[in-house]
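Undergrad: I have a structure here, written as structure tokens, and I will follow up with some questions on it.
The values are calculated or read from the model by the stated rules, or taken from the named source; none is laboratory data. Here the structure is a predicted model, which means the values were calculated and not measured. Don't worry about glycine lacking a Cβ; one is built from the backbone with ideal geometry, like all the others, and counts go over all protein chains shown.
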Amino acid sequence: MPQLSTILAAAIALAVGAHTPTIAAPQASAPTVTEAAAPARLTARLPDSILRAEEAAKINLDYTAAAGDTYYFDADSNPVDKATAGGYYRKTLGKTADGRLVVQDYYQDGDKPQAAPVILKKDANPHSFANDINDSKTVWYRKDGSIEAVQEFKDGTPTSRNRYYQNGILAMQSALPFDIAKEDGDPYAAVGDISRGNRYYYPDGRIMAFEDLEDADNFELLYYRADGSPLMHFRTSEDDGGDSSTWNANGDYVAEETVQAEIDAVTARKEELQSAVRREMP
């Protein structure tokens, strides 16, 4: 399972593709600048069970260990018959009480874990790297052993956001799966529907940006400063053109040019994170 997830991949492909949505993206109809009231400051943080990679990656699988088979994959995750340079291999570790396989994946070069042990759904083909056969929390590792991403699955379906980590701290989250109504205890739900979209964080784990992507012509951004004060709201729409507002650290409306440097800094980090995910996804 070398890919972080098809959900995160789709979000990143849209976010960093040829039509990268940023405040300067060309639009059929320019958003209207409005002096909207600033949203509330956001100073709360996610719990350590999500924010910190070591806590998020904790797993406890109940299964009976047994010697099993080894399966090989090439560098593009395709199943092959033998070890391939730059590829991966999978070991079966045993089975759960109801007969589901437990497997672990490794980098072929270096023999280091590429993922933590994971349960596959009933009757899944173990010689597949698709995430739609996962049936438990899935933890991915970089080649240096650091935790790259974590996501929960049930019967092959994601039941949480995909969480991407840098230096042991949450850096980015994919959008909430459509069939998940809400996240218990989410400190950011109050910002509205945009909170269900992609999220980006400052290096210390504080919220930096929300991003709701429909397509290159219909998207919404909400930026925050590291102190929790709102910086910018930007929405573009084929229907009404959209709207945008910007605020200073006190929550007062200000002209965009007075905070453009701050907007550019947030956009730059957001794009750096998007590029990092693309670079690290095999």
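Undergrad: I need a count of the residues in the range 197-226 that are more than 26 Å from N167 (Cβ to Cβ) and among the charged types (D, E, K, R).
TA: 5
Undergrad: Answer yes or no: is there a residue in the range 172-193 that is assigned to a strand (DSSP E or B) and β-branched (V, I, T).
TA: Of the range 172-193, the ones assigned to a strand (DSSP E or B) are 172-173.
Now restrict to residues that are β-branched (V, I, T): none.
Scanning the range 172-193 turns up no residue that is assigned to a strand (DSSP E or B) and β-branched (V, I, T).
Undergrad: Hey, any hits in the range 252-271 for a residue that's crowded, with 16+ Cβ neighbours inside 10 Å, small (G, A, S) and under 14 Å from V33 (Cα atoms)?
TA: No, there is no match, as no residue in the range 252-271 is crowded, with 16+ Cβ neighbours inside 10 Å, small (G, A, S) and under 14 Å from V33 (Cα atoms).
Undergrad: Of all residues being closer than 20 Å to F178 by Cβ and of a type in the set (S, T, N, Q) in the range 193-234, which is farthest from the chain's Cα centre (by Cα)? Just the residue, please.
TA: Looking at residues that are closer than 20 Å to F178 by Cβ and of a type in the set (S, T, N, Q), I get N218.
Undergrad: Grab the helices (runs of 4 or more DSSP H) fully contained in the range 1-63, keeping just those with 2 or more residues being at pLDDT below 95 and over 15 Å from T138 (Cα atoms).
TA: It comes to 6-15.
Undergrad: Please tell me if P117 is buried (at least 22 other Cβ atoms within 10 Å of the Cβ), touching a residue at least 12 places away in the same chain (Cβ under 8 Å) and under 20 Å from E55 (Cα atoms).
TA: Numbers: buried (at least 22 other Cβ atoms within 10 Å of the Cβ): no; touching a residue at least 12 places away in the same chain (Cβ under 8 Å): yes; under 20 Å from E55 (Cα atoms): yes.
When the stated conditions are applied, P117 does not pass them.
Undergrad: Okay, moving on. Working only within the range 111-158, note down all residues that are over 28 Å from A85 (Cβ atoms) and hydroxyl-bearing (S, T, Y).
TA: Of everything in the range 111-158, those that are over 28 Å from A85 (Cβ atoms) and hydroxyl-bearing (S, T, Y) turn out to be S136, T157.
Undergrad: May I ask you to list pairs of residues, at least six apart or on different chains, whose Cβ atoms are under 7 Å apart, with the first in the range 75-90 being in a loop (DSSP other than H, G, I, E, B) and the second being acidic (D, E)?
TA: Listed pairs, sorted by first residue: T84/D74; A85/D109; G86/D109; G87/D74.
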